[in-house]
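See below for the structure under consideration.
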Amino acid sequence: MLIKSSEYIISSPGYLHCPKPDKPEYAFIGRSNVGKSSLINMLCHNDKLAKTSSTPGKTQLINHFLINKEWYIVDLPGYGFAKVSQAQRKKWGKMIEDYLRKRESLMNVFMLVDSRHSPQKIDLEFVNELGKWHIPFCIVFTKSDKENQRTVSLNIKSFLDKMRESWQFLPQHFITSTVKKTGREKILQLIAACNNEFENY
């Protein structure tokens, strides 16, 4: 898939404020500091699209980016590390859950997991939530260039093995590096296939 254009459209405080659900959309979510903005920018060949920050927890709303005037990438707030109050975290949690469960045009969730670390409880819990809510998703292992390949492979295997303990079928997964542009074509191929499904729906 060729990305000809990508533009920021709107930041919404809830799914009811999002753009009209007449185009397929793909949500990106993960722990704070997992490299979400960098991945979105890499996919779109646009370094200025999603704001990258060294301060985790910068994304606090549902951000829509229109790609090729035909479909949306949706940047959701990270979970976990951000230094916010319990009340604020609860509010974000409700906003994210409502969006994921009620947004009619959501085709797929790309759940980002940092490949430099062994399986984290918070990521596994979120994966299980997605399963419980019957939301289609893939796992994107990020930052694969930031650690030696043996460690990355072991961490990915451990994560998938942990999932196998309670999952009969595992979702598709991608291994990415925003520096080397690894995984870009495969993710865009999946999006292209889902776009076709949306048109024929």
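Where a number appears in this text, it was derived from the coordinates with a stated rule and is not lab data. Just so you know, these numbers come straight off a predicted model, no measurement behind them. Using ideal geometry, Cβ is built from the backbone for each residue, glycine included, and neighbour counts are taken over all protein chains shown.
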Worksheet item: For the chain, treating each Cα as an identical point scatterer without solvent, what Debye log10 I(q)/I(0) comes out at q = 0.10, 0.11, 0.13, 0.15 1/Å?
Response: -0.39, -0.47, -0.68, -0.93
Fill in: Label-to-label distance, nm, for residues given as Glu199 and Glu104 (7 Å Cα→Cβ offset)
2.1
Fill in: Charge tally in the Cβ shell below 14 Å around Ile9, where Lys, Arg are +1 and Asp, Glu are -1, Ile9 excluded
-2
Item to complete: Multiply the residue separation of Ser11 and Thr151 by 0.36 nm, subtract the distance between their alpha-carbon atoms, and state the gained length in nm to one decimal.
Response: 46.7 nm
Worksheet, complete the sentence: Once the mean of 1/r over all distinct C-alpha pairs in the stretch 106-201 is inverted, the Kirkwood radius in Å reads 14.2
Fill in: Mean separation of Cα contacts under 8 Å (6+ apart) over length of the chain, as relative contact order %
23
Worksheet item: Rounded to the nearest 500 deg cm²/dmol, what is the calculated helix-only ellipticity per residue at 222 nm for the chain, with -39500 (n - 2.57) per DSSP H run of length n ≥ 4?
Response: -11500 deg cm²/dmol
Worksheet item: Of the residues Gly93, Gly30, Gly183, which exhibits the maximal mean-square fluctuation in a Gaussian network model of the chain defined by a 10 Å Cα contact cut-off?
Response: Gly93
Fill in: Separation between Cα centres of the stretch 150-195 and the stretch 71-140, rounded to whole Å
16
Response to the item:
Total charge of the residues flanking Asp114 in space, meaning their Cβ is under 11 Å from its Cβ, with Lys and Arg +1 and Asp and Glu -1, is +3
Response to the item:
Counting only DSSP loop positions in the stretch 113-155, the chymotrypsin sites (Phe, Trp or Tyr not before Pro) whose Cβ has at most 13 other Cβ atoms within 10 Å are Trp133
Discussion item. At a 10 Å Cβ-Cβ cut-off, how would you order Phe169, Phe28, Phe174, fewest neighbours first?
Written reply: Phe169, Phe174, Phe28
Worksheet item: Using unit Cβ charges (K, R positive; D, E negative) and no other charged atoms, how large, in debye to the nearest 20, is the dipole of the chain about its Cα centre?
Response: 620
